[in-house]
1. Where does region 147-250 land on the Kirkwood hydrodynamic radius, alpha-carbon pairs, in angstrom?
2. Of 41/237; 153/251; 36/153, which pairs sit farther than 21 Å apart, going by alpha carbon to alpha carbon?
3. How large, in percent, is the carbon and sulfur part of the accessible surface of the chain at a probe radius of 1.4 Å?
4. Could you give log10 I(q)/I(0) at q = 0.16 Å⁻¹ for region 3-144, computed by the Debye formula over C-alpha point scatterers of equal weight, without solvent?
5. What residue among 162, 147, 186 has its Cα farthest toward the positive end of the dipole of region 147-250, where the charges are +1 on Lys, Arg and -1 on Asp, Glu, each on the Cβ?
6. Evaluate E = 1/(1 + (r/R0)^6) for residue 239 and residue 41, where r is the Cβ-Cβ distance and R0 equals 22 Å; express this FRET efficiency to the nearest 0.05.
7. Which value, in Å², gives the accessible area per residue of the chain when a 1.4 Å probe is used on the protein heavy atoms?
8. If packing is taken as the average number of other Cβ atoms within 10 Å across a peptide's residues, how do 166-174, 92-100 rank, most packed first?
Amino acid sequence: MKRLLLIGMGPGHPDYLTIQAIDAMKSVDVFFFLEKDGEGKDELIRIRREILERFLPERSYRVVTAPSPPREAEPGRYRDGVLDWYRRKAEIIAGLINDELADGESGAFLIWGDPTLYDGTLTIVRQILDEGLADFDYQVIPGITSLQLLAAKHRIPMNRIGEPIEVTTARRLAQTAPESIQNTFVMLDSNMTFEGLADSELTLYWGAYLGTDGEMLAAGPLKQIAGELAERARRAKADRGWLMDVYLLRKEQGGR
Ligand SMILES: C[S@@+](CC[C@H](N)C(=O)[O-])C[C@H]1O[C@@H](n2cnc3c(N)ncnc32)[C@H](O)[C@@H]1O
């Protein structure tokens, strides 16, 4: 039987790998890299290669790369666009497993952060098995998420006493009334969507490129910091060619 490992690599720095992840990497024959065109591509692949070089002996593994299909933006049909993208990715990943892994071998994807949080690979793997596109066993190795790293960097708990934690996307935030936000983490932005809530009473805890070179942090009342921060983030995005940020919007309760 072939085996596929989805290994959480943490949100950017090799120090964030768990011992379980490092042990799992040592058992891998082939690492698969899906290379995206455009934003941050080189840097994200470089970080993955750095992790392999740091933790594994040279030539103890193979690396197989394949182009990641682009996601076609279908205005007003976001879900259909993602499902179509998953389908094309499923075909590529099934091809890699069928062609590049021998029976008894283990293949792996190094998944940014944790494989269970806003990452499609697990869904795609289930789809491949359900549709019989390839046959293999699979395992998930958890990783530190960008949410945990953001909270640690700002030295704040993710929740306050008895309070729920909401995790959402910038796309959804843009349709959310600021009064309904209590404690909401926002992912998948990079377009400074928080600026649209700058009239609210919310506090922002923001981080970009966390754990990587050029890490940026900012915190404070959204009203006071949104404009200047958005400018700073835009400059960083222009200089670097991409921006990866995550943030918490919190309604303060008179004492943190
Ligand atoms: C496709 S999701 C993957 C999330 C990942 N699985 C996790 O556990 O954090 C990518 C989003 O995660 C957030 N993110 C991941 N790593 C980050 C980092 N090092 N710094 C800032 N944001 C990060 C950003 O919101 C980015 O748009």
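The values are calculated or read from the model by the stated rules, or taken from the named source; none is laboratory data. Because the structure is a prediction, the values reported are computed rather than measured. Note that we place each Cβ from the backbone using ideal geometry, even for glycine, and neighbour counts take in every protein chain shown. Only protein heavy atoms, including side chains, enter the accessible area calculation; ligands, DNA and RNA are left aside. Shrake-Rupley method; radii C 1.70, N 1.55, O 1.52, S 1.80 Å.
1. On the way: mean 1/r = 0.0729 Å⁻¹.
Here the Kirkwood hydrodynamic radius works out to 13.7 Å.
2. Correct reply: 36/153.
3. 48
4. Evaluating at q = 0.16 Å⁻¹ gives log10 I(q)/I(0) of -0.85.
5. 147
6. It comes to 0.85.
7. 51
8. 92-100, 166-174
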